[in-house]
1. Every residue in the range 297-308 that is among the charged types (D, E, K, R) and in a loop (DSSP other than H, G, I, E, B), please.
2. Would you confirm whether any residue within the range 76-98 is surrounded by fewer than 24 Cβ atoms within 10 Å (Cβ to Cβ) and either part of a helix (DSSP H, G or I) or of a type in the set (Ser, Thr, Tyr) (or both)?
3. Go over the candidates 337, 311, 283 one by one and state the one that is part of a helix (DSSP H, G or I), in contact (Cβ under 8 Å) with a residue 60 or more places away in the chain and either surrounded by fewer than 23 Cβ atoms within 10 Å (Cβ to Cβ) or among the charged types (D, E, K, R) (or both).
4. Could you tell me which of the residues 190, 174, 227 is within 19 Å of the chain's Cα centre (by Cα) and of a type in the set (A, V, I, L, M, F, W, C)?
5. On the given criteria, is residue 216 touching a residue at least 12 places away in the same chain (Cβ under 8 Å) and within 26 Å of residue 271 (Cα to Cα)?
6. Return yes or no: is residue 318 surrounded by 23 or more Cβ atoms within 10 Å (Cβ to Cβ) and touching a Phe, Trp or Tyr at 6+ places or on another chain (Cβ under 9 Å)?
7. Going through the range 438-465 one residue at a time, which ones are modelled with pLDDT of 65 or more, of a type outside the set (Lys, Arg) and either more than 27 Å from the chain's Cα centre (by Cα) or loosely packed, with under 11 Cβ neighbours inside 10 Å (or both)?
8. For residue 294, are the conditions met, namely being on the phi > 0 side of the Ramachandran plot and either free of Cβ contacts under 8 Å to residues at least 24 places away in the same chain or assigned to a helix (DSSP H, G or I) (or both)?
Amino acid sequence: MTNMPQPEQNQWKTLDKDLKRIVQLEQATAFLSRPLIAIGIALAFVAVCTIAAAVFIGGAPKGLIVVAAAAFGAYMALNIGANDVANNMGPAVGANALTMGGALVIAAIFETAGALIAGGDVVSTISGGIVAPEAVAAPQTFIWAMMAALIASSLWLNLATWLGAPVSTTHAIVGGVMGAGVVAAGFGAVDWGKMGQIAASWVISPVLGGVIAAAFLAFIKARIADVDDKLAAARFWVPILIGVMAGTFATYLSVKGLKKIVEISMGSAVMLGIAIGIAALIVTRPIIRRQSVGMENRKKSLRALFGMPLVISAALLSFAHGANDVANAVGPLAAIVHAVADGGTAEKVTIPLWVMLIGAGGISFGLVLFGPKLIRMVGSEITKLNPLRAFCVALSAAITVIVASALGLPVSSTHIAVGAVFGVGFFREWHADRKTRRTGIVKGNPVPVDERAKRKLVRRAHVLSIGAAWVVTVPLTAGLSAAIFYVLNWLA
């Protein structure tokens, strides 16, 4: 009898199983430890800033207070980078005009450049007149009030980022200063009229941003996206829209981002914006004409024409944000440094370079380490964005800040940008519902009446959660700051 060949057995079967288990364990460990790596890098950054402050201050009297303030200033800057920058980059990422990696690199570069090149070298230590300076004239009281405001606003921003809520860092600082001021000097020390204006901005900012963004989207749909010859309309209107964007950002940066380099009035800034807008229109018209050659006459083709302007607008928003909001990170720290060094509580103080570096570095590190979560939320989880819609959001953010500045309205760039995203989403929802009610058909298919009511293009859960976070920011940071000030005063 001939021996039949036996099937070859895998002699490494047991080893393969063990190796597979080890690989799975390593993958699970890597997945779980990834957040810890970011936290470790953030802690290392705070430690470096603390050590640098200790070396810089040396054995100066009350040097330990400055060192502690530097640590909390670095922590605050990390949280601003994690939370606030999402408003600039979220729409571009959600529209697929930028990858997440590209957005992080561009934002880090332009945020840092804005902070160091155009960041305000003078900052109001009483946060825009929220608390009367004479009410906290004692240096020790002033130092603890600024420290409490810094700690409270940092903790709230950290919690808001973890919850996935984009909030106003300016409002967080204002609430912190108010809470500490009330405990330090009583309710009479607070300018309640100013606080009323800030409360009004909770409504004004998002509504104004949303209305302007919706208006631009309605214009683009009526004049470009929904006409028969889309490419011909795009060749005419897209350069004009780019010119409007260029002029708007020139005005925006002149008014809000270049104060350190040159002082410019609103009228001069508007004239400069008009000149740059016209120049951009002339330059981009032949570019758009060449770019549109060979494209199909469909909406999808139009998105490519808005891609690069959207990237540029995101970069410029980041530059302006770095120039303006670095003071939120390092303003209280600069005030503490001034109070320790000079023993006084000036209404305005100069920000030292090493303090500016902490703010700029912290914003960039916070963005890269923790920013993607909120970038995704703003860019894709509220409503679906494409380059046309995201362009409307970016343009609305800049125009709304300029209009509010001209009218003297206290508005939040965070509320404006997120409000613009909501505005675009609600306009799409209204437009789609109107079209469906008229025809009863969506993409060639009939839609029942009860189904129409369910077709929502904006996630309602985010409307409620973000709105609630905005409303509680000032009272929550005020209460937390008051408690921290009381503890610091008691320990001292």
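1. 298
2. Taking every residue of the range 76-98 in turn, none turns out to be surrounded by fewer than 24 Cβ atoms within 10 Å (Cβ to Cβ) and either part of a helix (DSSP H, G or I) or of a type in the set (Ser, Thr, Tyr) (or both).
3. Working: 337 fails: either surrounded by fewer than 23 Cβ atoms within 10 Å (Cβ to Cβ) or among the charged types (D, E, K, R) (or both); 283 fails: in contact (Cβ under 8 Å) with a residue 60 or more places away in the chain.
Within the list 337, 311, 283, the selection yields 311.
4. After applying the criteria, what remains is 174.
5. Yes: the conditions hold for residue 216.
6. Numbers: surrounded by 23 or more Cβ atoms within 10 Å (Cβ to Cβ): yes; touching a Phe, Trp or Tyr at 6+ places or on another chain (Cβ under 9 Å): yes.
Yes: the conditions hold for residue 318.
7. 461, 464
8. yes
The values are calculated or read from the model by the stated rules, or taken from the named source; none is laboratory data. Because the structure is predicted, anything quoted here is derived from the model rather than measured. Backbone-built Cβ (ideal geometry, glycine too); neighbour counts: all protein chains shown.
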